[in-house]
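The values are calculated or read from the model by the stated rules, or taken from the named source; none is laboratory data. Just so it is clear, the model here is predicted, and its values are computed rather than measured. All Cβ positions, glycine included, derive from the backbone under ideal geometry; neighbour counts span all protein chains shown. The area values use the complete protein model at the heavy-atom level, side chains included, leaving out ligands, DNA and RNA. Shrake-Rupley method; radii C 1.70, N 1.55, O 1.52, S 1.80 Å.
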Amino acid sequence: MEFTDPYKQTGPCCFSPNARFIAVAVDYRLVVRDTFSFKVVQLFSCLDKISYIEWALDSEYILCGLYKRPMIQAWSLTQPEWTCKIDEGPAGIAYARWSPDSRHILTTSEFQLRLTVWSLVNTACIHVQWPKHSSKGVSFTKDGKFAAICTRRDCKDYINLLSCYTWEMMGVFAVDTLDVADIEWSPDDSAIVIWDSPLEYKVLIYSPDGRCLFKYQAYESGLGVKTVSWSPCGQFLAVGSYDQMLRVLNHLTWKTFAEFMHLSSVRGPCYAAVFKEVDEPLHLDMSELYLNDDFIQANSEGAPDGHFSVRYEVTEVPVTLPFQKPPADKPNPKQGIGLMIWSNDSQYICTRNDSMPTALWIWDIHRLELAAILLQKDPIRAAAWDPTCTRLVLCTGSSHLYMWTPSGAYCVSNPLPQFSIVDLKWNSDGSCLLLKDKESFCCAAVPPLQESSEYSSDD
């Protein structure tokens, strides 16, 4: 892998959908760089510090959220002189997003008073009263024709269906939830999944005309659903719960066909490989190197105890994973399936049980079994699947990248000094990784995955 030089950032960074550009927030400036040459393509100055960035799907427009103002500014990559500013006045702006046609911006006001659709074509605006959430509760169909918006009035939850062409209301129906958490269209646009707040375990499948196709409730007492995700193929619906279990439903009968437990002790028979991150001292031959006493004394203060690289070590079962029991007197306990991501081919799904934050579980949906466990030294900060092949990348806030493929796992050292990887993102063609430190970012060129290649920890 090849790494670029580090560049300054003070907020969000993201690739454009066409993978050609990188948008970076540097205080009140929006810097757009070319992905291949890293040259600055455009530089826009906003009126305040940038809190949020989102590309339009056509990669021509960029939205900047200045939530301290609160205000939205949009910019055009092809027409730098074109500007757009959205201000809701006293109502404020809590969140903003693009519509699928890249010509409308949806903003949610503070206190969820209303959701407004702003047109960049004719400056018209349409209001939807009482949206349930600011950043959640809105989902678009994959073909970009319809939007489903959660609203709440008279102490009841509703789903509003809007046409993304005319933004007219196509229908409204009530849903059987106490406090809806979020919604998401299925990949084939045939159904909408709705799940309740953690206080009530309830997952509901609705048709676009408002019919409840299925109601799923794994248990009644205790905290309920934490994460929900459709597989890219649309055949599976994964539900992660606070009881530390992953349940997978099929799209034909909506019945559960797999339940995966995340236990702190993994025992046999287990055919999964357990990869444990270990330190490996760097052995340097210094027998013929001469250093005078002044140099040694000057460099001894503040020097680390030793120089280490890391590698994966295959551990035999049984193995006990580090477990953190959450305090019973605090809200939002760190337990349950807090991270859950499908691979692009829908064969694998990786999960993290928040009470075991250093372990990443990889499940094989075709075989209905555990494929691997990656046991890290530090809590897992972020993970992402390669959009073009079966390759998983994760980071833990250290200077290393960790990768897994069905043929094995390996560690990659970042050559940049004092660069701790706290977040990462793939570009859409799988050729480049964006790596974020606290105050800088860099990119790494990722070679294509060879089917027959075998990786080692030294790569």
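Expressed to the nearest 5 percent, the antiparallel share of DSSP beta bridges inside the chain is 95 percent. Computed over neighbours whose Cβ is under 15 Å from that of Y348, the net charge equals -1, Lys and Arg +1, Asp and Glu -1. Short-range pairs are left out: with C-alpha atoms under 8 Å and at least six residues apart, the relative contact order of the chain is 9 percent. Average projection, convex hull of the Cα set of region 76-217: 9.4 square nanometres.
For K255, K132, give the ranking by accessible area with the largest first, probe 1.4 Å. Walk me through the intermediate numbers first.
Working: K255 110, K132 30 Å².
So, going from the largest accessible area down, we get K255, K132.
Surface composition of region 315-383: carbon and sulfur atoms hold 47% of the protein heavy-atom accessible area at a 1.4 Å probe. In whole percent, how big is the carbon plus sulfur part of the accessible area of region 228-270, probe 1.4 Å, protein atoms only? Within region 228-270, the accessible surface is 54 percent carbon and sulfur.
Using a probe of 1.4 Å on the protein chains alone, the accessible area found for R211 is around 130 Å².
Net charge of the neighbourhood of V317, taken over other residues with C-beta under 14 Å away and scored Lys/Arg +1, Asp/Glu -1, is -1. Computed on region 32-153, with alpha-carbon pairs under 8 angstrom and 6+ residues apart, the relative contact order is 14 percent.
The 1.4 Å probe gives accessible areas that order K226, K8, largest first, as K8, K226. Ranking of L63, L263 by solvent-accessible surface, largest first: L263, L63 (1.4 Å probe, protein heavy atoms only, all chains present). Per-residue ellipticity at 222 nm, computed for the chain from helices alone with -39500 (n - 2.57) per DSSP H run of at least four residues, works out to -500 deg cm²/dmol.
Across region 24-100, the convex hull enclosing all Cα atoms gives 89 Å³ per residue.
In the full protein context, the chain carries 48 Å² of accessible surface per residue, based on a 1.4 Å probe and ignoring ligands, DNA and RNA. Ignoring lysines fewer than eight residues from K334 along the same chain, the ones with Cα atoms less than 22 angstrom from its Cα are K136, K202, K226, K325, K377.
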